[in-house]
Each structure stands twice: as structure tokens, then as C-alpha cells.
Amino acid sequence: MVKITKSNEKDSESAGTRNVGKKKLLKTPNLPEKKKHINKPSTSKASATKSRLQHVPNNYERSSVSKSSSQSQLLNTKMCKKSAKHNPKRTTGGSERHYIIPRPDVLHTYLSHCDIIQYLDFVKSRFSDSVKIHTIGYSYEKRAIKAIEIDWINDRRDEKDVESISSSGLSLAGQTSSDRRNTIFIEGGTHAREWISISVALNCIYQLTEKNRRHQDLLGKLRFFIVPLVNPDGYEYTRTTNPRWRKNRRPHSEEKHVGTDCNRNFDFHWDLNSSKVKRNTYQGEKPFSEPETRALAKILHRLSPHLLFFLSLHSYATTIMYPWGYTRVEPKNAKMLESLAITGSSAIRSSKGRYYRVGTIANITKRTIAGSVVDYAYGVIKVPLALVMELPSSEYGFQPPSQVISQLGHESWIGIKEMCKHAFSLKAQLENLRKNKKKELPDVAEETVSEIRIHKPKIDWLRDGEYNVKNFDLYEDVQSISKICLSTAVD
């Protein structure tokens, strides 16, 4: 065996010489060893931006305050698309592909807007026969406003029975003309800083889907529509910039101010508001000037024949209130609304010991609140039962610590569940009231044309908004006459 050594070759290389046959080459200088090429990240602006976006988390916590509204809209769109694209895990079974959507921690953390949408998609993927997701509109910064429909009554549906509402993109699955009122509508996150209202709305979704076996008695009778976040722009702004922000984020062209209070922007006695544009309670330039309020009103109108109970979640007064907000005068069925509110308050107090005050919005708050969503749902949409639930409490503020999110969510659900049950038990009583009103209409219709015309000045006067609290009874009595005047052909 012959060993081959390279010592001589190394020596010649170190001396800078190399023999080729018998010729001797000139001495060459030592050259540095050629380094292996290493791909370095580009320092260009576009590459740096791309590199940063690759490490953006799924939530929206890193949005920059200095970006313009158009830039933040684009960033939000990219991030939500990234979350939707990269979060689902794909598994293959046979010829089909299934996507597993990770479940955000809905019970113990305040989720970002993107994570809220991800949780809704997660619920839809698990309970596809009983859950539908609807996009009811978009905010000023183009964030989707989502509603979840939970319907265990008609979980086995026939496509022929599905009523499509193309103008709003809603699909009232399984509902036919013979169905009576059986829909509960819950909304949260109208005010940006009231984070706990969003978490409680998400807890309701959790109870009605992931814990559905515990609530079969409720789900066998009622259908639910829940909008967990009405004001996504304002909510994300509180997460990144100003935790005390209340309004949405649409700027006003003539003023150097941003935002409108969405709970003062509904077209029901809106003109009674008088807040300045810089105030937290600014009502907007006109009713429904905001895309968020228009989206909510639109779905309420589409669902109006089926709505039984409307619940608006806020914080942090620890109260359950009913209309009216724009006046201190109580509505005609105040006793029924009060019994519904007391049911929720008593359930929470007997279970957890927390006391919720009960009363009208104006009397509890000791001020009038015009243009609110609850007054609109009750006075315009004609939802027979409508309440505001102000969650706890002065102890925690608008954003309770994450350690108590689950506790407050489960505690609030106890009251909400009992109110939903009680609302269903009131259906027969509400049906009787509706029939009695129909019986009264022919008596008014039998009036002569001249007698109806006598009422016309009163009706016009009421429509002009020249009435006050003292004339409220007259306003209530004239409503049926007004409808007859509008529907009766007068030659």
C-alpha cells in the first residue's frame, strides 16, 4: 500500500511556486482565501418592510400610530389575510382536504379584531350545520363587522326553505313565513374602550356552541344572532394608542377631530342631542352618518319580523336598563320590560352575589340619551323586548384585568341565559297584546275622512319633532292613527 502525502505540495504553495513539468513559474503573491457567499438580508426599504411583515403576529398589536388611515387600512387587510392564510393547518383524509383553525383563548384574553374573526371561523368549522357567519358591513377603515348566527332549531336544513336576502348578504336559514318571533339579538363593542362587553359577547358564543349540551332547553326554542364587535376601528385604536377612546375613527372633514359616538347616531330622536364634535358623546353630522351604525340598523331591519329580544352590552355601571333613553317617561309595557330585567338581575345575585340595578335608561343614568341603539330597536324596529346590560364595575373599570375575564363572562351569561328563557315565556303575552292592537285598528279606521283629517295637523306636528315629554302620551296615542292615514287611500 502506497501512502500519498501532500507535504511537498503544501510547501510549494506556501512559497508561492508551482512546478509544471520542468518549468518553474514566477513567484506569485499570496491571495486571500475566497470566502463562501452568504445571503445577507437586503437593506433596501422595500426588502426591510417585507422582512418586518414576515414577523408580524396574528393580532393587531403592532400597528403604527404614525401611519395614515389609508396605510393602516392596507396593513390591516394584509394582516388579516396573513392570519387567515397561515393559521389554518391542513390535513388530508382520502381525497378531501380539511383545515383545522387554531382556537384563540377566548375566555382569558382580550382578542384582537383578527383573532375575533378567527374564533368565529373556528366555531363555524366545528359546528357547520348550526352556525353561519355573516359580514354585515365594514367600518371606516375597512374592517369587517361580523355577525354569527346560531340556530340549533333548524340544523337540518333544506335549501329550498332558505330565505336569501341578497341586498344584505344574509341567509335566514330555515326560517319560513309561519315562524314566529324566536330570535335573540346580542351586540357588544359599540364603545371602543368597553373591552369586557366584547369578551362577554364572545362568552355567549362559547356557551351556545362549544358548551351547547348544557343549554339544550334554550337552543331548542331560540335562535341567536350575535355581533361581538360593532366598532372594530375604535377598539383597535384603544389597543394600540389610547385605551380611553370611546368613539369610532371616522374623521370629520370640517373639523380637526375624529370619531362619532355610535350609540348616539341612530335615527330615533337624534335631533335631541347637542354634543359638540370634540366631545365623547358627539352624535355625528346626521343620523346614520357612520358605516357601523348603518350596518347594525340594516341587519336589524332584515331580522325584524323574527326578533323577540334585543340586548346591548356596555360597561361599567352594573345595571340592566330598558327604554326609554331620550325621555324619562316609561313605555307602555314597562312592567314587562322591568320583569325581564329583574329576572337577569336576580339570577346573577342569587348565583354570584353581585347586585344589578334595574330601571329605565334615563332614570338610572339621570340624563336623557337620544339616538341610542336600544331606543331605535324598541321604537323603530319594534322589537318587543329590548334591554341594555351595563357590565361590572367601578372596581375594574372599562378593561378589567385578564384574570377576571372568564369570571365576569360566566357570571354575565347566567343572567343573559335566564333573560332569554323569560323572554320566550313572554311570547304568549306579547302575542295577545299584538292581537288586541289589531282589534283596535278597525275602530279608528271607521272614522270618516273628515275626522281623520282632523288628526292630520297633530300628526304633522309630531313628525316635525315639536313635542316634548309632556306630549308623550299624545304621541303614543296618535301612532296608530298616523299609520291609518298613511295606509288609507283618501280621495
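The values are calculated or read from the model by the stated rules, or taken from the named source; none is laboratory data. Small disclaimer: the values here were computed from a predicted structure and weren't measured. Neighbour counts run over all protein chains shown; Cβ positions are idealised from the backbone, glycine included. What goes into the accessible areas is simple: the full protein's heavy atoms, side chains included, and nothing from ligands, DNA or RNA. Shrake-Rupley method; radii C 1.70, N 1.55, O 1.52, S 1.80 Å.
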(message) Against the conditions (1) open to solvent by 10 Å² or more (accessible area, probe 1.4 Å); (2) under 20 Å from ALA386 (Cβ atoms); (3) modelled with pLDDT under 95, where does LYS256 fall short? Just the number, please.
(response) (2)
(message) I need the full set of residues from segment 210-261 which are closer than 25 Å to TYR110 by Cα, in contact with a helix residue (DSSP H, G or I) (Cβ under 8 Å, 6 or more places away or on another chain) and hydrophobic (A, V, I, L, M, F, W, C), in order please.
(response) PHE224, PHE225, ILE226, VAL227, LEU229, VAL230, TRP245
(request) Give just the number: which of (1) closer than 17 Å to CYS420 by Cα; (2) surrounded by 20 or more Cβ atoms within 10 Å (Cβ to Cβ); (3) of a type outside the set (Asp, Glu) does HIS306 not satisfy? (result) (2)
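In segment 359-441, which helices (runs of 4 or more DSSP H) lie fully inside it and hold 3 or more residues that are modelled with pLDDT of 95 or more and buried (at least 19 other Cβ atoms within 10 Å of the Cβ)? Walk me through how you get there before you give the answer.
Values: elements: 361-365, 373-379, 405-425.
In segment 359-441, 373-379, 405-425 are the helices (runs of 4 or more DSSP H) which contain 3 or more residues that are modelled with pLDDT of 95 or more and buried (at least 19 other Cβ atoms within 10 Å of the Cβ).
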(request) Considering only segment 226-244, state which residues are open to solvent by 40 Å² or more (accessible area, probe 1.4 Å) and assigned to a loop (DSSP other than H, G, I, E, B). (result) THR241, ASN242, PRO243, ARG244
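For segment 147-214, list the strands (runs of 3 or more DSSP E) that sit wholly inside it and hold at least 2 residues that are under 19 Å from VAL131 (Cβ atoms), modelled with pLDDT under 95 and not acidic (Asp, Glu); which are they? First the steps, then the outcome.
Working: elements: 163-165, 170-172, 183-187.
Counting at least 2 such residues, we get 163-165, 170-172.
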(request) Would you mind stating whether ARG223 is more than 17 Å from the chain's Cα centre (by Cα), buried (at least 24 other Cβ atoms within 10 Å of the Cβ) and either under 18 Å from PHE309 (Cα atoms) or modelled with pLDDT under 95 (or both)? (result) yes
(request) Check segment 325-348 and report whether any residue there is outside any loop (DSSP other than H, G, I, E, B), out of contact with any Pro (no Cβ under 7 Å at 6 or more places or on another chain), more than 19 Å from GLU390 (Cα to Cα) and without any contact (Cβ under 8 Å) to a residue 40 or more places away in the chain. (result) yes
(request) Under 7 Å between Cβ atoms, at least 6 apart or on separate chains: pull out the pairs that start in segment 298-312 with a residue that is of a type outside the set (A, V, I, L, M, F, W, C) and end on any residue that is at pLDDT 95 or above and assigned to a helix (DSSP H, G or I). (result) SER312/VAL373; SER312/VAL374
(request) Please go through segment 99-123 and pick out each residue that is open to solvent by 30 Å² or more (accessible area, probe 1.4 Å) and assigned to a loop (DSSP other than H, G, I, E, B). (result) ILE101, PRO102, ARG103, ASP105, HIS108, THR109, TYR110
(message) Need pairs with beta-carbon distance below 6 Å; first residue farther than 15 Å from HIS191 by Cα and within segment 272-294, second loosely packed, with under 14 Cβ neighbours inside 10 Å; sequence gap 6+ or separate chains.
(response) VAL277/GLU255
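In segment 283-294, which residues are open to solvent by 30 Å² or more (accessible area, probe 1.4 Å) and in a loop (DSSP other than H, G, I, E, B)?
Quick first cut of segment 283-294, residues open to solvent by 30 Å² or more (accessible area, probe 1.4 Å) only: 285-288, 294.
The answer is GLU285, LYS286, PRO287, PHE288.
Across segment 259-274, what is the number of residues that are assigned to a loop (DSSP other than H, G, I, E, B) and either touching a Pro at 6+ places or on another chain (Cβ under 7 Å) or loosely packed, with under 14 Cβ neighbours inside 10 Å (or both)? Walk me through it before giving the result.
To start, the set of residues in segment 259-274 that are assigned to a loop (DSSP other than H, G, I, E, B) comprises 259-261, 265-269, 273-274.
When the remaining residues are screened for being either touching a Pro at 6+ places or on another chain (Cβ under 7 Å) or loosely packed, with under 14 Cβ neighbours inside 10 Å (or both), the result is 265-267, 274.
Of the residues in that region, 4 qualify.
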(request) Taking ALA341 as the residue in question, decide whether it is closer than 19 Å to ARG434 by Cβ and open to solvent by less than 10 Å² (accessible area, probe 1.4 Å). (result) no
